[in-house]
Amino acid sequence: MMPKRFTGAGVAIITPFTQTGEVDYPALDALVQMHLDCGTDFLCVHGTTGETPTLTIEEKRETRKRIIKQVNGRIPIMLGVGGNNTMAVVNELKTEDLTGIDAILSIVPYYNKPTQEGMYCHFKAIAEATELPIYLYNVPGRTGVNMLPETTVRLARECKNIVGLKAASGNLQQISRLIDIKPADFDVLSGDDALTVDIMKMGGVGVISVFSNAFPSQLVELVRAMEKGDVEKARLLNDKYTEIFRLLFVDGNPAGAKIALNIMGKCENVLRLPLVPVSSSVAAEMAQAIKALQ
């Protein structure tokens, strides 16, 4: 079977919690169903937006299992498996049951601050540990290091199952260079909602979105416009959502997504420490911005 391709409107899905801090499985089920109903092209599970570092091994297994069962092959599922301990990531890929997962998203190692050669060796070891397609995730604002286009292309050429990158450097010049020098079959996805139009115009194939958690139909409309070459429509939509894009990250991610979903009645406004909910002023601004869209 050919690997499923991750293009279009993807969501980095949150993990909802109850008022007492447990995983809210009914709310998670409802969110997944919303994405299926609204035309989201793929799910990214256990990313930063899912507060994955605060989930237990058992919670990660249960959420993964439930999502796979509910989706039932209707759209592809990308699973976040990464870290700054290469052997731990390799072990997880080799020992966990990943049946039903279509690709892996793996972040550039954080905190350790590896060199470009260290990043290369890290991802090469990960690629050798699984037959699943791997999407690299470059987000210097979180990791403290920036993987250069040349390192990404080296990995793409030498590891057949490294097939794409979630680009969240915020550096359009760097992303443009990567798109210019990458292999033709290597996909670049935006990791920043506000830059989706720019990155897709350069040749990116979609986005892994935070915005889509609360606004899946709106993201799908924007991405479809870009896929059809209607940049003008996409720009108008992007401008319409600019204030929400900003508010989603003022007090950190996924705090912004959770307050938006809470305002819309989709989940509790609960995060796990060290993350906390947005300030009351940001919550009020988000409520106003959501009202303005209706």
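Odds and ends about this structure:
- Positions within the range 92-138 being small (Gly, Ala, Ser) and either in a helix (DSSP H, G or I) or more than 16 Å from the chain's Cα centre (by Cα) (or both), in sequence order: 100, 118, 125, 127, 129
- Filter pass, residue 229 being surrounded by fewer than 19 Cβ atoms within 10 Å (Cβ to Cβ), under 19 Å from residue 44 (Cα atoms) and either under 19 Å from the mean Cα position of the chain (by Cα) or modelled with pLDDT of 95 or more (or both): no
- Summed over the range 1-42, residues that are in contact (Cβ under 8 Å) with a residue 24 or more places away in the chain and part of a loop (DSSP other than H, G, I, E, B) total 16.
The values are calculated or read from the model by the stated rules, or taken from the named source; none is laboratory data. No experiment lies behind these values; they were computed from the predicted model shown. Cβ atoms come from the backbone with ideal geometry, glycine included; neighbour counts cover every protein chain shown.
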